[in-house]
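In what follows, a structure is listed as structure tokens, so that the remarks can point back to it.
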Amino acid sequence: MRCKIAIVVGLQWGDEGKGKIIDIIAPEYKWSVRFGGGPNAGHTVYLNSHKIIFHHIPSASINKDTRAIISSGVVLDVDILQKEIETLENLGINIKEKLYISNRAHLIMPPHKTEDTSEFAKIIGTTAQGVGPTYKDKVARVGLRICDFLYDNRERFIDFFKYKQLNLAQDSLEKIWQHYKQNIDNLKNNIVDTTILLQEIVKKDENLLIECAHGTLLDIDFGTYPYVTSSHTTVCGVNAGLGFYLPRIDEVCGVMKAYTTRVGSGPFVSEEKGPEGKILQEKGREFGSTTGRPRRCGWLDFVALKFAVTINNVSYLALTKVDVLNEFKEIPVLVSYKLNEKILDEYPLPVNILDKVEGVYKYLPGWGYIDFNKIESFNNLPANLLKYIEFIEEQLKTPVKIISFGIDKKNVITR
Ligand code: IMP
């Protein structure tokens, strides 16, 4: 039997609940991989009652038998990675025995973190983890990679600080060098050429799960530019971020919340600024998993979702946090945009247009309070929730196969 290669992608602005969906499907996969972004991502998973937030390591590795790869497209914060490893080890997950890190991955250096607190970073509303400045230096060809420390490339290290026009004293530079060198030496046994590893996995026909971080509308090329992150968050970035051209992709699982949230600045046409937005925020516990910032909340936006489903070539949908909509009498859903009385059905390109458009809404009936713990199968779901799901399927021409309604792993129905 040939191996399965699948991708999980967020269809909104991140925080769709990818961690939980990945946790459910992980046992099918021997390997999992993160190919882009850095500690700005936060995939939340619960192990027994412990909340774990994965920032670099693929969250599928919570499953005992799933191995984890961090490929060359990721940018790493060595301190955060060390803490992540310790947290997992303390919870009994022997991550060091099954973690493979690319020797080509770029490193987040102290000046990157400083730069990510600039006025410009504040305008974008970044997570201030230094991710954007690290990608910027990667493209400027002055960035530092894991292999530079592994092979004692002090010359590049010195050049990096010269390029940043930081005149640090020799002992300060030495301290930084030693800190990184030590951290990377500690991970020596986990650092490999992940390009070769990925080739071998596919050759050996072993199942591979690819985890996209963030969400489609934060993609550097396809998101609401410039209010985006600095990496590819969509299926479009997979091959470059892996450093390996996949022979095929068997399945793309698109994860979407039953409503929409966004952290940071930028256009959000279906944002609900009234009291109902507050209800979504409180019931959905909508606070950033990396920064703790309150997330902006609103309704489903089908213009944006159609765009996301199309560019990722999504095979099926996983709908999360359905329970948060319990008790809304009516649920607005945005079906098109209007600009000067003209209807726009396509996702507009520039943010100045997105800022001006108005949403055209349909109102779907709510399903009232239901105790999801008593629901055992898809057909037992309340009639109005089934209508909500049907509406999503009709609009996006894609089946909803997973419905999640709570933190617990058992609060999920698949079909
Ligand atoms: P950066 O990725 O830290 O540069 O931040 C750029 C934008 O992406 C900001 O609006 C962040 O809030 C947003 N962002 C980055 N990662 C995530 C994520 O995992 N979830 C939600 N928003 C994110």
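Would you kindly work out the equivalent ellipsoid of the stretch 274-355 from its C-alpha gyration tensor and give its semi-axes, the square roots of five times the eigenvalues, largest first in whole Å?
Equivalent ellipsoid semi-axes, largest first: 24, 17, 15 Å.
Please report, to two decimal places, log10 I(q)/I(0) for the stretch 218-314 at q = 0.22, 0.23 Å⁻¹ as given by the Debye formula with identical point scatterers on the Cα atoms and no solvent.
Computed log10 I(q)/I(0) values: -1.25, -1.30.
Percent of Cα-Cα pairs per 10 Å bin, from 0 to the last occupied bin, for the chain, please list those.
Going out from 0 Å in 10 Å bins, the chain shows 5, 23, 31, 25, 12, 4, 1 percent.
Tell me the Rg and the Dmax, in Å, that the Cα atoms of the stretch 20-90 produce.
Rg then Dmax for the stretch 20-90, in Å: 11.4, 33.
Over the chain, give the accessible area per residue in Å² for a 1.4 Å probe, as an integer.
Ligands and nucleic acids excluded, the figure is 44 Å² per residue.
Equivalent ellipsoid semi-axes for the stretch 175-232, as square roots of 5 times the alpha carbon gyration tensor eigenvalues: give them largest first, rounded to whole Å.
29, 24, 8
Let me spell out the model: positive unit charges on the Cβ of Lys and Arg, negative unit charges on the Cβ of Asp and Glu, origin at the Cα centre of the chain. What dipole size does that give, in debye rounded to 20?
That gives the chain a dipole magnitude of about 240 debye.
Pick from Asp152, Asp23, Asp219: which is most flexible by mean-square fluctuation in a GNM of the chain where alpha carbon atoms under 10 Å apart are linked?
Asp152
Using only DSSP helix segments of four residues or longer, with each worth -39500 (n - 2.57), what per-residue ellipticity at 222 nm results for the chain after dividing by its residue count and rounding to 500?
The helix contribution divided over the chain gives -9000 deg cm²/dmol.
GNM on the chain, C-alpha springs below 10 Å: top fluctuator among Ile146, Ile57, Ile353?
With Cα springs under 10 Å in the chain, the top fluctuation among Ile146, Ile57, Ile353 is at Ile353.
Rounded to a whole number, what % of the accessible area of the stretch 190-323 do carbon and sulfur atoms account for, probe 1.4 Å?
Carbon and sulfur: 53 percent of the exposed surface of the stretch 190-323.
Between Asn313 and Tyr363, what FRET efficiency comes out of the Förster formula 1/(1 + (r/R0)^6) with R0 = 45 Å and r the beta carbon distance, rounded to 0.05?
E(calc), rounded to 0.05, equals 0.90.
Roughly how much of Glu28 is accessible, in Å² to the nearest 10, using a 1.4 Å probe?
Rounded to the nearest 10, the figure is 90 Å².
Please tell me the relative contact order of the stretch 1-66 in percent, rounded to the nearest whole number, where contacts are Cα pairs under 8 Å and at least six residues apart.
34
Mind checking which aspartates and glutamates have their C-alpha under 20 Å from Lys188, skipping anything on the same chain fewer than 8 residues away?
Output for Lys188: Asp77, Asp79, Glu84, Glu86, Glu89, Glu97, Asp148, Asp152.
Placing +1 on the Cβ of each Lys and Arg and -1 on the Cβ of each Asp and Glu in the stretch 37-125, which of Val45, Ile85, Met109 has its Cα farthest towards the positive end of the resulting dipole?
About the Cα centre, the residue reaching furthest to the positive side is Val45.
Name the residue, out of Arg295, Arg145, Arg156, whose mean-square fluctuation peaks in a Gaussian network model built on the chain with Cα pairs under 10 Å.
Greatest mean-square fluctuation among the candidates belongs to Arg156.
Enumerate the lysines that Lys138 could reach by cross-link, defined here as Cα to Cα under 17 Å, with residues fewer than 8 away along the same chain left out.
Answer for Lys138, where 17 Å is the Cα cut-off: Lys113, Lys162, Lys164, listed by chain and number.
Would you please calculate the Kirkwood hydrodynamic radius of the stretch 129-271 over all C-alpha pairs and express it in Å, rounded to one decimal?
Final number for the Kirkwood radius of the stretch 129-271 is 18.5 Å.
What is the Cα radius of gyration of the stretch 15-147 over 2.2 N^0.38 Å, N being its residue count?
Here the answer is 1.07, to two decimals.
Cross-link list Lys329/Lys410; Lys257/Lys338; Lys30/Lys204; Lys387/Lys410: which exceed 18 angstrom alpha carbon to alpha carbon?
Check vs 18 Å cut-off fails for Lys329/Lys410; Lys257/Lys338; Lys387/Lys410.
For the stretch 346-415, compute the orientation-averaged projected area of the C-alpha convex hull (one quarter of its surface), in nm².
About 6.7 nm², averaged over all directions.
Once neighbouring chains are kept in place and the probe is 1.4 Å, which whole percent of the accessible area of the stretch 32-117 is contributed by carbon and sulfur?
45
Along the charge dipole of the chain, which of Phe222, Val357, His55 sits closest to the positive end, that is, farthest toward it, with unit charges on the beta carbon of Lys, Arg, Asp and Glu (+1, +1, -1, -1)?
My answer, from the dipole projection, is His55.
The values are calculated or read from the model by the stated rules, or taken from the named source; none is laboratory data. This one's a predicted model, so the numbers in the text were calculated from it and none came from an experiment. When we count neighbours, we look across all protein chains shown, and the Cβ atoms used for this are built from the backbone with ideal geometry, even at glycine. Heavy atoms of the whole protein, side chains included, go into the accessibility calculation; ligands, DNA and RNA do not. Shrake-Rupley method; radii C 1.70, N 1.55, O 1.52, S 1.80 Å.
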